[in-house]
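> Let me begin by handing over the structure; questions about it come next.
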Amino acid sequence: MSARRTAQWHRLGRGIAERTAPLMRRHLQAFMDAGEPIGLEHCQTAALDAAGSVLVHDLRGPLREAFLASARHLQRAGSAAMTLPYAVSIRTRRRLHANTAWIEALTAHARTRRASRGPDDPPADLLDLLVDAREDDALAFTDLEAAQSISINLGNLYRVGGTGLAWLLAAHAAHDTARPDGIAREDWTGAVVKEVLRVYPAVTLTSRTLADDAAFGDVIVPAGTSVYLSPLLLHTDPRWWRADPGRFDPARWLAAEVHDPHAYLPYGAGPRRCTGDRLANAVLESAADLLADRRTTGSSGLPARRWGSVTQPRRLRISVASAG
């Protein structure tokens with residue numbers, strides 16, 4: 001939990017957010033205005049480049065390439081129907097080698113960063129926050145632990161954040177997202193992002209281990225049991241929503257009361273909530289604001305879901321052009 005408490009990008013302060021927000025917007029604008037058809041991998045790379053500097057401000061060159069190699073191997077393994085034993089699976093061995101190379105490179109980077117920092121240097125990114133952290137006058141994290149925490153956050157940004165960006169583009173192409181008269185642009189942008197995360201959550205199945213016995217209706221489930229829940233089912237169950245949850249309608253989020261407590265879980269909830277939720281939302285809200293001035297079209301309507309640990313749009317192909 002110490003690592004989770006430290007690994008919150010908003011703990012870096014307002015200065016980091018003010019520095020990175022314009023950079024994030026420029027990256028996303030260049031991504032949208034490139035003029036090339038956009039696929040899932042483009043969205044994932046765009047999310048990484050837009051917000052990765054919050055986690056590691058000098059994530060570039062060989063370090064960036066090592067991360068991408070590891071992330072792409074992991075994504076293919078996560079969506080595979082089965083994984084063969086290590087001894088016979090070439091794909092698994094390649095994934096392990098890529099992940100080892102990435103962690104070793106990031107650990108060395110953390111070691112170099114730690115050696116170069118003075119006691120009064122302000123943190124420039126999440127990696128600085130981790131290498132500076134102290135508990136009882138001792139280092140809170142080793143170089144390897146700092147690298148592992150950064151790797152998890154970057155992986156979530158790439159896979160979950162990039163998938164969220166892909167669904168945002170797909171939703172803009174498939175649904176009417178025009179801002180109603182009289183609604184502030186910022187309010188509408190936030191409503192569109194919330195509705196995309198409701199209807200197209202990247203994580204559609206999650207689990208928790210019960211600390212105590214719990215009753216689910218007439219069924220008593222003992223402590224220590226893993227309980228699975230689906231944000232997608234919660235987000236579309238009419239029992240918990242004030243307006244028809246089967247309809248894509250960003251305007252629902254302009255109402256004073258939208259849903260029952262805990263019916264909306266795009267990033268989980270409680271102390272195990274995703275540590276990168278604010279960063280992911282910053283990417284999506286900036287992208288949604290840019291899309292408001294652009295025309296988004298898909299090649300064959302809304303793509304089907306590719307179910308997996310992260311549920312992604314299948315065969316995404318989106319074009320973005322100026323609305324003028």
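> Calculate the spin-label point distance for Ser299 paired with Gln29, positioning each point 7 Å from the Cα along the beta-carbon direction, and give it in nanometres.
2.9 nm
> May I ask what percent, to the nearest 5, of DSSP beta bridges between residues of the chain are antiparallel?
If we restrict to bridges inside the chain, about 95 percent are antiparallel.
> If you put +1 on each Lys and Arg Cβ and -1 on each Asp and Glu Cβ, how big is the dipole of segment 170-324 around its Cα centre, in Debye rounded to 20?
About 700 debye.
> Which order do the peptides 148-158, 24-34, 298-308 take when ranked by the mean count of other beta-carbon atoms within 10 Å per residue, highest first?
148-158, 24-34, 298-308
> How much mean residue ellipticity at 222 nm does the chain get from its helices, if each DSSP H run of length 4 or more adds -39500 (n - 2.57) and you divide by all residues, to the nearest 500 deg cm²/dmol?
-15500 deg cm²/dmol
> Work out the length of the dipole vector of the chain about its Cα centre, built from +1 on the beta-carbon of each Lys and Arg and -1 on the beta-carbon of each Asp and Glu, and round it to the nearest 20 debye.
1080 debye
> Mean separation of Cα pairs under 8 Å and 6+ residues apart, divided by the residue count of segment 195-324: what relative contact order is that in percent?
It rounds to 22 percent for segment 195-324.
> Where is the GNM fluctuation largest for the chain (alpha-carbon springs, 10 angstrom cutoff): Thr142, Thr225, Thr100?
Result: Thr225 has the largest fluctuation of those listed.
> I've got another one for you. Going toward the positive end of the dipole of the chain, with +1 on Lys and Arg Cβ and -1 on Asp and Glu Cβ, which of Val131, Val54, Ala173 do you reach last?
Ala173
> How large is the translational diffusion coefficient of segment 202-324 in µm² per second when you combine the Kirkwood radius over alpha carbon pairs with Stokes-Einstein at 25 °C and 0.890 mPa s?
140 µm²/s
FYI, it's all coordinate maths here, none of it is from the lab. This one's a predicted model, so the numbers in the text were calculated from it and none came from an experiment. Glycine also receives a Cβ, built like all others from the backbone with ideal geometry; neighbour counts cover every protein chain displayed.
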